[in-house]
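The values are calculated or read from the model by the stated rules, or taken from the named source; none is laboratory data. What you see is a predicted model; the values in this text were computed from it and never measured. Please note: Cβ atoms are built from the backbone with ideal geometry, for glycine as well, and neighbour counts cover all protein chains shown. When the accessible area is computed, the model is the full protein with side chains, heavy atoms only, and any ligands, DNA or RNA have been set aside. Shrake-Rupley method; radii C 1.70, N 1.55, O 1.52, S 1.80 Å.
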Amino acid sequence: MRWDNLAENDPVPPGAGRAAALFDADAVVTRTVDTPEFRGVTFHEVRARSIVNRVPGVSRMPFEWTVNPYRGCTHACVYCFARKTHSYLDLDTGLGFDSQIVVKVNAPELLRRHLASGRWQGAHIAMGTNVDCYQRAEGRYRLMPGIIEALRDHANPFSILTKGTLILRDLELLQQASEVTHVGISVSVGFLDDALWRTVEPGTPAPERRLDVVRTLTDHGIGCGVLMAPVIPFLGDHPDQLRATVRAIAASGATSVTPLVLHLRPGAREWFMAWLAEHHPHLVRRYERLYAEGAYAPKWYQRRITRQVHDLATEFGIGPAHRGAARRIPQRVEPEPVGPTQLTLL
Ligand code: SF4
């Protein structure tokens, strides 16, 4: 493993200005935990040199600063765009990403020190933007309580994006933080389909459990949006599927819904296409055409999904103007029967 090849900005490709190593090689402890919950998972406990990362200017991300206490993710989503970052450590971007987890064990103390420094201006910090900070490892290492406490104590605005129900463990801390600063929580739910979930997001809580998180947070006064991501072409994009998903999101009390079509960057693309060939071989050719230009689906496709989801959000009353009305939609929503996709152009 190459700890000297790991720099601050997680999404930056090798050679693009990544100079400073993040970890001291002699501060790495590797543990293989043989409990049923973590069978086959190896944790690399490291003492990081820094924890607040600046997002590169070329990034399309709508935030400038991030904190990522983990690398790798046992949620194991086949499409995960962060897979590529494991290659910077000479770790495998497939199963290695799912099972070789880097844990920055000193993240809370580093963050507290950073927030107290005179140079820090109190900018918004985004978490869960590279890998999930409420993945299962967090149940063992409990880094997020210390991180939220530091942010609360400095009244520093922050946001969290997660698929993990574990976030509810820290509900009280999130409430305390939201009393002194802006706290934005988003939960990622791209679809409801049970069979699709079990194969493409095998380590995550079920979509319905994630919507329970949205419901609990909003019931406790913490507004929570849903990142409807990814919308998976030909498998999760049928109008009936979009409708069932947005309807369930509305019933959860989400304050917003933001659709995002699957993108396949290097590292994720190879892994996803191998999965597709195994589970849906008839779709391989269509995917090759849809993603022929690169990591993103064509603009016309993205616009169509966005328009459909926005129309459904309006219909089901998601958003500040409709708060309360959406919750009157029955909460148990059975997925509607789904026919073949209507995307016949490909
Ligand atoms: S939960 Fe997020 S970070 Fe984890 S594997 Fe899935 S997409 Fe990647």
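Compared with the alpha-carbon gap, the fully stretched path from Arg54 to Trp300 is longer by 85.4 nm at 0.36 nm per residue.
Taking Rh as the Kirkwood radius computed over C-alpha pairs, what is the Stokes-Einstein D of the stretch 132-284 at 25 °C in a medium of viscosity 0.890 mPa s, expressed in µm² per second? In µm²/s, the coefficient rounds to 149. For Ser252, Ser186, the ranking by accessible surface with the largest value first comes to Ser186, Ser252, using a 1.4 Å probe. Note that the stretch 129-145 has calculated 3J(HN,Hα) couplings of 8, 9, 10, 6, 6, 10, 5, 4, 4, 5, x, 8, 9, 6, 8, 5, x Hz, one per residue in order, obtained from phi through the Karplus relation 6.51 cos²θ - 1.76 cosθ + 1.60 (θ = phi - 60°); glycine and proline are x.
For the stretch 159-296, the share of accessible area belonging to carbon and sulfur comes to 52 percent (1.4 Å probe, ligands and nucleic acids excluded).
Per-residue SASA remark: Phe234, around 20 Å² accessible (1.4 Å probe; ligands, DNA and RNA not included). Amide H contacts for Trp65 (H built 1.01 Å from N in the peptide plane; partners 5 or more residues away or on another chain; cut-off under 5 Å): Val55, Ala126. For the stretch 148-252, the set of GluC sites (Glu not before Pro) satisfying both a DSSP loop assignment and a count of at most 15 other C-beta atoms within 10 Å is given as Glu179. A straight chain from Arg209 to Val33 at 0.36 nm per residue would run longer than the Cα-Cα distance by 60.7 nm.
Within the accessible area of the stretch 38-150, the carbon and sulfur atoms contribute 50%, probe 1.4 Å, all protein chains present. One chain, two ends: Phe63 and Thr42. Fully extended at 0.36 nm per residue, the span grows by 4.5 nm beyond their Cα-Cα distance. Computed 3J(HN,Hα) for the stretch 219-235, one whole-Hz value per residue from the Karplus formula 6.51 cos²θ - 1.76 cosθ + 1.60 where θ = phi - 60°, is 4, 9, x, 10, x, 9, x, 10, 8, 7, 8, x, 7, 9, x, 6, 10, glycine and proline marked x.
Could you work out the local net charge near Thr35, counting Lys and Arg as +1, Asp and Glu as -1, over the other residues with Cβ closer than 12 Å to its Cβ? Residues near Thr35 contribute +2 overall. Only protein heavy atoms count here; under a 1.4 Å probe, Phe191 has an accessible surface of about 10 Å². Residues whose amide H falls under 5 Å from that of Gly223, counting only those 5 or more places apart or on a different chain, are absent, with hydrogens built in the peptide plane.
Under the shape rule built on the C-alpha gyration tensor, where the axes satisfy a ≥ b ≥ c, the stretch 216-269 is oblate, since a/c reaches at least 1.5 while a/b does not exceed b/c. Per residue, the solvent-accessible area of the stretch 145-300 (1.4 Å probe, heavy atoms of protein chains only, all protein chains present) comes to 37 Å². Note that the stretch 44-56 has calculated 3J(HN,Hα) couplings of 9, 7, 10, 9, 6, 8, 8, 10, 9, 9, 8, 6, x Hz, one per residue in order, obtained from phi through the Karplus relation 6.51 cos²θ - 1.76 cosθ + 1.60 (θ = phi - 60°); glycine and proline are x.
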